[in-house]
Amino acid sequence: KRRGRNLPELARQKPTMAAAKTTTVCVTGAAGQIAYSLLPNICNGRMFGPDVPVVLHLLDIEPSMGGLNGVVLELEDCAYPLLKGVKATCSTQEAFTGCDFVIMLGAFPRLAGMERKDLLQKNAGIFSEQGRALNEFASPNVKVLVVGNPANTNAWIAAQNAPKIPKENFSALTRLDHNRARSQVAMKAGVAVEDVHNVTIWGNHSATQYPDVSHAFINQQGAKVPVVDAIKDVAWLQNDMIKCVQQRGAAVIAARKFSSAMSAAHAITDHIHDWVFGTKPGETVSMAVVSDGSYDIEAGVVYSYPVTISGGKWTIAQGQTISEFSREKMKATLEELQQEKATAATFL
């Protein structure tokens, strides 16, 4: 019960420039609302570049296959020149085989009355199974981005079950929080968002995350002005801004009655795009990656850091001065991740 489309009309189109290698991307939870906003960014060149053909492997559970087949119909109707094939399936073997990137949107949602340990148990089963499937069927060079919550710990679970894949090829999404922090700073300072650089999200993609502007700057008339000097409102930077970013997801749900989709899809696109093309000189972005012990964070925990990226490889930015205020915030979110990891480990 799957739908496979080769899109023959699109496949016959000739590239207008030297042919680039086709990138095969798997999206899990592909019938969901984040995927609905994300797939156009993959197909229109926003994620991998305007000359890179893509093939999509769309994975979801059997009860969602009807809706997923409808998504395939719409992808066909968009007539994207870069889209060279679509496979819709509920088989992890079919979904993961031959993929260059896997974007894991699908996860068990937290239901009313559900305790966090119950959520971790549900997702431990899902991400253990998908991690084993990645290990068996995917290329050892595949790059995996986990979005489904609790994203950091789900990424850790998947990585534990895929020993053939380097741990640095697993990451979790905190770029949405990073973008939220940039936007808040830009609005407060009255500048364009593209002039705000090097905000950092430390830790977990949760309400304990630490949005930090200690090393962020704003481009003003050709000069790099530290955010703390441009805004001059320490109370806002250390209280209101942090709480706003930490609770932004809940605010979207309260207003929209649905969780973030458009902004999440945009952040996923930013994350993968930078993983492929790299960061600009002097620029850092936020990525939840397997800690190597930097900044006294327990090695092995999937923790969001400031990173630079070059040649498809990320590097944790070193040498940042950590204030006592920042250290306490970083420790609090680490403790939550340690608790999640310990709980999840009991289900593996």
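The values are calculated or read from the model by the stated rules, or taken from the named source; none is laboratory data. As the structure is a computational prediction, the values presented were derived from the model and not from experiment. We place every Cβ from the backbone using ideal geometry, glycine too, and count neighbours over all the protein chains shown. All accessible areas refer to the heavy atoms of the entire protein, side chains included, with ligands and DNA or RNA removed. Shrake-Rupley method; radii C 1.70, N 1.55, O 1.52, S 1.80 Å.
Of the GluC sites (Glu not before Pro) found in the range 99-157, the ones in coil according to DSSP and having at most 10 other Cβ atoms within 10 Å of their Cβ are GLU115. In the context of the full protein assembly, CYS244 retains an accessible surface of approximately 40 Å², using a probe radius of 1.4 Å and ignoring ligands and nucleic acids. Partners of LYS331 within straight-line reach, counting lysines whose Cα lies under 25 Å from its Cα and excluding those fewer than 8 residues away in the same chain: LYS117, LYS167, LYS243, LYS341.
By its C-alpha gyration tensor, with a ≥ b ≥ c as the square roots of the eigenvalues, how is the range 222-327 shaped: rounded for a/c under 1.5, else prolate for a/b larger than b/c, else oblate?
On the way: a/c = 1.42, a/b = 1.11, b/c = 1.29.
Cα axes put the range 222-327 in the rounded bin.
Which shape class, rounded, prolate or oblate, goes with the range 148-300 when its Cα gyration tensor gives a ≥ b ≥ c as root eigenvalues, a/c under 1.5 marks rounded, and past that a/b bigger than b/c marks prolate? Write out the running numbers ahead of the final one.
Numbers: a/c = 1.78, a/b = 1.41, b/c = 1.26.
Prolate, since a/c reaches 1.5 and a/b exceeds b/c.
Applying a threshold of 18 Å to the alpha-carbon distances of LYS21/LYS84; LYS21/LYS164; LYS224/LYS280; LYS21/LYS143; LYS188/LYS232 flags LYS21/LYS164 as lying beyond it. Return the aspartates and glutamates within reach of LYS122: Cα separation strictly under 17 angstrom, same-chain partners fewer than 8 residues apart disregarded; answer none if there are no such residues. Those aspartates and glutamates meeting the cut-off are ASP60, GLU340.
Close amide H contacts of HIS57 (hydrogens built in the peptide plane, cut-off under 5 Å, sequence separation of 5 or more or a different chain): VAL25, CYS26, VAL27, LYS87. Assuming charge only on the beta carbon of Lys and Arg (+1) and of Asp and Glu (-1), the dipole of the range 86-128 about its Cα centre is about 160 debye to the nearest 20.
Taking the Cα centre of the range 168-312 as origin and charging only Cβ (+1 Lys, Arg; -1 Asp, Glu), how large is the dipole, in debye to the nearest 20? Intermediate results must be reported in sequence, preceding the final value.
Values: 11 positive and 14 negative charges, 124 e Å.
Computed charge dipole of the range 168-312: roughly 600 debye.
Is the range 276-348 rounded, prolate or oblate when judged by the Cα gyration tensor, a ≥ b ≥ c being the square roots of its eigenvalues, rounded requiring a/c under 1.5 and prolate requiring a/b larger than b/c? Judged from the Cα gyration tensor, the range 276-348 comes out oblate (a/c at least 1.5, b/c at or above a/b). The Cα center of the range 34-79 and the Cα center of the range 150-183 differ in position by 22 Å.
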